[in-house]
Amino acid sequence: MDLYMMNCELLATCSALGYLEGDTYHKEPDCLESVKDLIRYLRHEDETRDIRQQLGAAQILQNDLVPIVIQHNNDKQLFDAVIRLMVNLTQPALLCFGKVPQDPTFRHHFLQVVSYLQAYKEAFANERLFVVLSEKLYDLLQMDWEQREEEHNLLIERILLLVRNILHVPPDQDEEKNVDDDASVHDRVLWAIHMSGMDDLVKFLASSESEQQWSMHVLETVSLMFRDQNAEQLATTGQTRFSAERATDLKNLEILRQREMAEKKNRVFQRGTRHSRFGGSYIIQGLKSIGDKDIIYHKGLHNFQNYTHDLGKELKRVPKRKLQAKDTEARHRSALNVRLFLKEFCIDFLENCYNRLMYLVKDHLIREKAQQHDETYYLWSMAFFMAFNRVHKFQPELVSETASIRTFHFIEQNLTNYYEMMLMDKKEATSWARRMHLALKAYQELLMTVNEMDHSKDSSVREGSKVIKNNIFYMMEYRELFLALFRKFDETKQPRSFLKDLVETTHLFLKMLEKFCKGKSTVMVQSRKVKRKKKKKSSRREEQTKSSEELEEIWTSLSEKLKNCAMGSESLPDEIVPFDAASEIPVEEQRTEALVRIQNGLLSGQAGESLVLLRSAREVWPEGNVFGFSESSPEEEVDLLKQILFADLPRSSRMEAVLDEEEEVEEVEEEELTSVQVSEREFNFLDYLKRFANGNVVKTYVILLKHYRNNSAHTNHCVVKMLHRVAYDLKMEAFLFQLSVFCIFNHVLSDPAASAYKELVAFSKYIVNKFFALAATNNKAYVELLFWKNTNVIREITEGYRKLGEDEGAASHKRIKWTPQEEEELQSLYLQYKEVEGVDVVDNILANLKPGTRTRKQIINHLVQMGLADSVKDFKKETKGTRIVLWTEDQEMELQRLFEEFQETDDILGNVMKHITAKRSKARIVDKLISMGLVSDRKELYKKRRRKGKSSGISEEDFLHDLGVDGRNEDGEEDDGDDDNDDYESEEDEEMRTKLQQKPKEKPHRSGELFVDKKIQTILQKLHEEGLFPPVVWLQNCLNRTADDREEDGSSQSVPLVPLTEDNEDAMESKTFQKLLKMVGIRPPANEQESFWRIPAKLSPEQLRKLASCLVLSSPEEAVETTTESEDQGSGLEQRAEALRALLLARKKRAPTTAPTEAEEVEPNPDDLSTVPEMPSKSGAKPSKRNRFIESDDEEEEGKEVIETEEQNPDISLKISSERPKVTMKRSRLVDSDEEEEPPLGNDQGGQLKTSGAATDSEDEDLQPIKKKRLRIEDEDED
């Protein structure tokens, strides 16, 4: 921008600043006012930043402001104003424009501002300028805290911001050729900072306790000082080169020499510059031209290897959105003196400032005191200084603040946040990817530091690294992080440098994890499972059901307020519209709904709203005087509201649904909630490695492998090591059977410097040999080269393709051909059932075809293909009951009749739906039954399920059933899928029990009750021996007291058992006492919100007293007498034994033949079928909580009864023992009950489990291909 285009007012203001004569600057009298005017102009510049551009073109900062600062720094007001103006002029262009503009015009203005900033930076490479700034800053910092005023703090901040802005200016790539060891503009600015002593002031601000407020400014300044430096190179500056470094340089030089010699050799074979046709023409066999003939090649054969059909074609333009992201990292090796000064600065900074400064900055970030995205400076500084410390005399104590678990967590959180924002914020995806790269570098350096601590000579340092590794390997987030980053890698947003760091970090993490697992037999890690459950809304009917006493209390509190509102003493709300003309609900139902809304308002205490709604409804529905007369007095209105409050108004389910939608529009009726279940599991390294055997992960590694020439030796090693893990360790070499991978292998093997890539060459040969070995047996292997594969395809390639019909699911029915006979049969069946009304055509066709040969979808599609039908929609199957909405009077009577008929059955709803004439959905039938008042709660319609293992003998369950105690949840609710659910009976057992129940039952003898009494007496005896009998007396008193209360009040609420003494609290934690509570029917806490056991509400006073009487400890003499009486009563022994044999035979048919477990070696007692062991369910669920066959005391009692029975009838015991079914190994899960302490499994069971585990291992080994040659790629630094 030329000066003559400058605004005249702006030009006059700049002229009033002063002038430079030689090295002396003469300021004008209005210099201070002119500086303030310039600040005012900048405040009102337009969006193109015109004022800033004009001042930059006029070089005001170089010619006026810098000399004023140097020569007139004693003028305090002028110095402050000039510093303020310089901070404004040097602020980054991104802050001026917000972001890099996309519009070409604004992009031009943006680049102009950047060019002026680069000129400002060159002017600041002035030692005299930084000397003045350093002296001013030093004087301000020397002042005590009490002497400092606000203007002093502002000047300190402005000087720090000015230095920050200058260091932030990017280099000019065109002007600076970026030659190593050459002093760039940035180096000259750093040298000026060093010579002026500003760097010492920065270190003082970082270490001083009284200057904590400048911590964020200091960190920004330090990070910008080292922006172009490499920490590892900087740490080795001034040291003699190690032999490893010299060897690396020689290796790189040898690679370049070999490639140069190969190029020279190729040039030797080049022909002269004569016309190519003189060299002859050739026909290339097998390569077709545009027609059917072979192509004719008119050039020399030395150029044929580069021939392609694409020669001469225009390159296809790649869209901007598909261009690969470019690396923005500029690496420059500064001049030696600058590097030495920076190295000394790093050493001092680590020793005196690092830990304190990083602590303060992190505190600012966590408390959100910093500005947005300031954490990027924290992440960069962490990665740089930890890398410097690791290379330069590694001292963990210097970086102890960031080498911790909290830092791992902080970086993981930020990395995950950047990753998610990159996926969501598409416009700023590149910026989020750049921030994610910074976080990844910090994470990588943390892992390297921990790995270095692991090799330290100090045992305490090694122990610290062990603690850190235990935590990061245990948590699932750190293990899943790399997989997520690989799967979502995007070349268009993330540069290749990010991929390089990701591959190297993953390699280090896997190496550390493998070493961590190698020395341990078992490694436990955290595992998380997302469990979905549905949050059910509470029924409106339940919420509004209130007793008359509660209604009286509500009316007492509302009556006075209603009278005041009716008399006009209190202000009333605006008019409420009770009628919705656009609603589909009939008018009569809306009138009923208005009454319901008034009642709801009264119940919720809204007196004024209810009164206004009553008056509005009276105007809408004046007929019938339902809402009172038009001339009703206030007293009459209050009386009418009282009647509405106490009235039992009908509430239809449709009305409730409408109200729910009006009140909660955004809430779904059944909202899915996710609860994360955290558990522990044993970690297997190979299983974790299999997660990397994924197409997206392998593709990402291949992208980096393409640039093997530009990669470092370490990067190539990391790539080859991961591909070796997948191909060799996991036996999935078919993952790399891909044409693009083989092209890379071809380039590697034909590379003149192939000797420098020994690992890559060996791995390439291994994969290629494996492919040709597979191609000898699989003729489709060459076609498979064209596609990326998954694990299922790999299995098919190596083990053989599945034949038609071997697939599982619907895939087996795909592409099955129809023979002419089948088509003719299909056509005849379609024409036969086409005209039949009331039936589904396709269902009838399926019924007449061979089962399992065709699916409904295949038949419909083929009918459309044959032209017999126009569209698939013609065969849309109607859902039963969805079209029927209204209920006729006959249907309601039929429903009532069916409900009364099946009311006493186990499955009321199922029987009603089976026999009802007009088929409807289950939800509509339930709603209708509730609206008709036949049931008050839908839980009454739940299917009643009986417990498995009940018999015709009187057992403990029968005894409790006589008392009215159910073994299930007392509230009648179904368990929500826990492992301790009871197994339900199979159909075969149900039929057998039905037959047994049809036989004439004898009157129950005393023996059954004595059996239960003996169980309770055994537990009471145990508790007596343990000194816990006083709590039993307390329990007995609670039962009696509850029975008395229920007789007096008539209430039936569950009563909690609250232990108030230490003895009772200890007893409630005892397993034996808890078992006694369950035997007498006391319900345990239902969920985490309940803390106490409860006496169920359904127990009557008589049942409670009967239970209390069972808790009396009897004397040994009474026990002997009762046992003698039970032995005399054996009249029904043979009949029960026959029933037992029949039930066992029925179960034997379904039970697999395996050796019985130790828990089943108890002989069944014919007198009591409850001692028969339960069969494990096929689903492998755990046994019910009432299983008692593994208790030692119970086994002794049962053993006595079995001996007595065998003495009475030895034939029965022999038959029963011979016919006992053998149970599968799942029976061993009986000992997994969490409720009681049980004896461990026997040796036989352990042997069985060990055998099955060995079998599984052997099967896995059979799946793995036989290895003929061992390929091993060692880690670089393995011990």
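The values are calculated or read from the model by the stated rules, or taken from the named source; none is laboratory data. Here the structure is a predicted model, which is why all the values come from computation and not from measurement. Cβ coordinates were reconstructed from backbone atoms using ideal geometry, including for glycine residues, and neighbour counts include every protein chain displayed. Remember, those area values only see protein heavy atoms, side chains included, never the ligands or the DNA or RNA. Shrake-Rupley method; radii C 1.70, N 1.55, O 1.52, S 1.80 Å.
Could you check, for segment 947-970, whether at least one of its residues is under 46 Å from the mean Cα position of the chain (by Cα), part of a loop (DSSP other than H, G, I, E, B) and modelled with pLDDT of 55 or more? Looking for residues that are under 46 Å from the mean Cα position of the chain (by Cα), part of a loop (DSSP other than H, G, I, E, B) and modelled with pLDDT of 55 or more, one finds none in segment 947-970, hence no.
Based on what the data block shows, is E491 surrounded by fewer than 18 Cβ atoms within 10 Å (Cβ to Cβ), in contact (Cβ under 8 Å) with a residue 12 or more places away in the chain and more than 19 Å from C718 (Cβ to Cβ)? Answer is no for this residue.
Annotation note: Cβ proximity below 7 Å between a residue of segment 851-868 that is under 12 Å from Y830 (Cα atoms) and without any contact (Cβ under 8 Å) to a residue 40 or more places away in the chain and a residue that is of a type outside the set (A, V, I, L, M) and open to solvent by less than 50 Å² (accessible area, probe 1.4 Å) (sequence gap 6+ or interchain) occurs for I860/F875; L863/Y830; V864/S871. Against the list (1) within 19 Å of Y377 (Cβ to Cβ); (2) surrounded by 21 or more Cβ atoms within 10 Å (Cβ to Cβ), the condition S431 fails is (2). Quick check on L111: is it surrounded by fewer than 18 Cβ atoms within 10 Å (Cβ to Cβ) and aliphatic (A, V, I, L, M)? In short, yes. Picking from residues in segment 397-411 that are open to solvent by 20 Å² or more (accessible area, probe 1.4 Å) and part of a helix (DSSP H, G or I), the one that is nearest to E232 (Cα to Cα) is L398.
For segment 696-706, the criterion of a residue being without any contact (Cβ under 8 Å) to a residue 12 or more places away in the chain and either surrounded by 19 or more Cβ atoms within 10 Å (Cβ to Cβ) or out of contact with any Gly (no Cβ under 7 Å at 6 or more places or on another chain) (or both) is satisfied by no position. Counting just the residues of segment 88-108 that are in a helix (DSSP H, G or I) and either of a type in the set (S, T, Y) or under 19 Å from N63 (Cα atoms) (or both), which one comes out most open to solvent (accessible area, probe 1.4 Å)? Ranking the candidates gives T105 first.
Of all the numbered requirements in (1) part of a helix (DSSP H, G or I); (2) open to solvent by less than 10 Å² (accessible area, probe 1.4 Å); (3) in contact with a Leu (Cβ under 9 Å, 6 or more places away or on another chain), S334 misses one, and that requirement is (1). Residues that are surrounded by fewer than 16 Cβ atoms within 10 Å (Cβ to Cβ) and more than 19 Å from V698 (Cβ to Cβ) were ranked within segment 741-753; the one that is modelled with the lowest pLDDT is S750. Looking at D870, D906, which one is open to solvent by 50 Å² or more (accessible area, probe 1.4 Å), under 30 Å from P820 (Cα atoms), modelled with pLDDT under 85 and not in a helix (DSSP H, G or I)? Exactly one residue qualifies, and that residue is D870. The single condition among (1) open to solvent by 10 Å² or more (accessible area, probe 1.4 Å); (2) among the aliphatic types (A, V, I, L, M); (3) touching a residue at least 24 places away in the same chain (Cβ under 8 Å) that V720 does not satisfy is (1).
Considering segment 381-394, and only residues there that are outside any helix (DSSP H, G or I) and in contact (Cβ under 8 Å) with a residue 24 or more places away in the chain, the residue that is nearest to the chain's Cα centre (by Cα) turns out to be F394. All conditions in (1) more than 28 Å from I156 (Cβ to Cβ); (2) surrounded by fewer than 17 Cβ atoms within 10 Å (Cβ to Cβ) hold for A58, with the sole exception of (2).
The condition (being within 25 Å of T237 (Cβ to Cβ) and either open to solvent by less than 10 Å² (accessible area, probe 1.4 Å) or in contact with a Gly (Cβ under 9 Å, 6 or more places away or on another chain) (or both)) is satisfied by just one residue among F388, F394: F388.
Just to be sure before I move on: is L438 within 19 Å of L508 (Cα to Cα), of a type outside the set (F, W, Y), open to solvent by 40 Å² or more (accessible area, probe 1.4 Å) and under 30 Å from the mean Cα position of the chain (by Cα) in the structure I sent? So L438 passes the test. Could you check segment 748-768 and list, in sequence order, the residues that are of a type outside the set (A, V, I, L, M) and either in contact (Cβ under 8 Å) with a residue 12 or more places away in the chain or under 21 Å from K265 (Cα atoms) (or both)? Within segment 748-768, S750, D751, P752, S755, Y757, E759, F763, S764, K765, Y766 qualify.
For L111, the criteria (1) assigned to a helix (DSSP H, G or I); (2) within 44 Å of the chain's Cα centre (by Cα); (3) in contact (Cβ under 8 Å) with a residue 60 or more places away in the chain hold in every case but one, which is (3).
Hand me the list of helices (runs of 4 or more DSSP H) wholly inside segment 727-801 holding 2 or more residues that are within 33 Å of the chain's Cα centre (by Cα). Output list reads 791-799. Within segment 316-328, the set of residues being surrounded by fewer than 11 Cβ atoms within 10 Å (Cβ to Cβ) and either in contact with a helix residue (DSSP H, G or I) (Cβ under 6 Å, 6 or more places away or on another chain) or part of a loop (DSSP other than H, G, I, E, B) (or both) comprises K316, R317, V318, P319, L323, K326.
Sub-6 Å Cβ pairs linking a first residue in segment 358-380 that is within 18 Å of E209 (Cβ to Cβ) to a second residue that is open to solvent by 20 Å² or more (accessible area, probe 1.4 Å), at least 6 apart or interchain, are M358/E401; Y359/E401; L360/Q212; H364/A370, ordered by first then second residue.
When each of D37, D64, D46 is tested for being surrounded by 15 or more Cβ atoms within 10 Å (Cβ to Cβ) and either touching a Leu at 6+ places or on another chain (Cβ under 8 Å) or not in a helix (DSSP H, G or I) (or both), the lone residue that passes is D64.
For (1) in contact with a strand residue (DSSP E or B) (Cβ under 9 Å, 6 or more places away or on another chain); (2) buried (at least 20 other Cβ atoms within 10 Å of the Cβ); (3) among the β-branched types (V, I, T); (4) touching a residue at least 40 places away in the same chain (Cβ under 8 Å), each residue gets a yes or a no:
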{"position": "R128", "(1), (2), (3), (4)": "no, no, no, yes"}
{"position": "L133", "(1), (2), (3), (4)": "no, yes, no, yes"}
{"position": "D144", "(1), (2), (3), (4)": "no, no, no, no"}
{"position": "L160", "(1), (2), (3), (4)": "no, yes, no, yes"}
{"position": "V169", "(1), (2), (3), (4)": "no, yes, yes, yes"}
{"position": "D174", "(1), (2), (3), (4)": "no, no, no, no"}
{"position": "D181", "(1), (2), (3), (4)": "no, no, no, yes"}
{"position": "R188", "(1), (2), (3), (4)": "no, no, no, yes"}
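Of the residues L1020, L1028, L1057, the single one that is crowded, with 18+ Cβ neighbours inside 10 Å and within 17 Å of F1092 (Cβ to Cβ) is L1057. I'm trying to understand the selection: among the residues of segment 893-903, which are assigned to a helix (DSSP H, G or I) and open to solvent by 50 Å² or more (accessible area, probe 1.4 Å)? M893, Q896, R897, E900, E901, listed by residue number.
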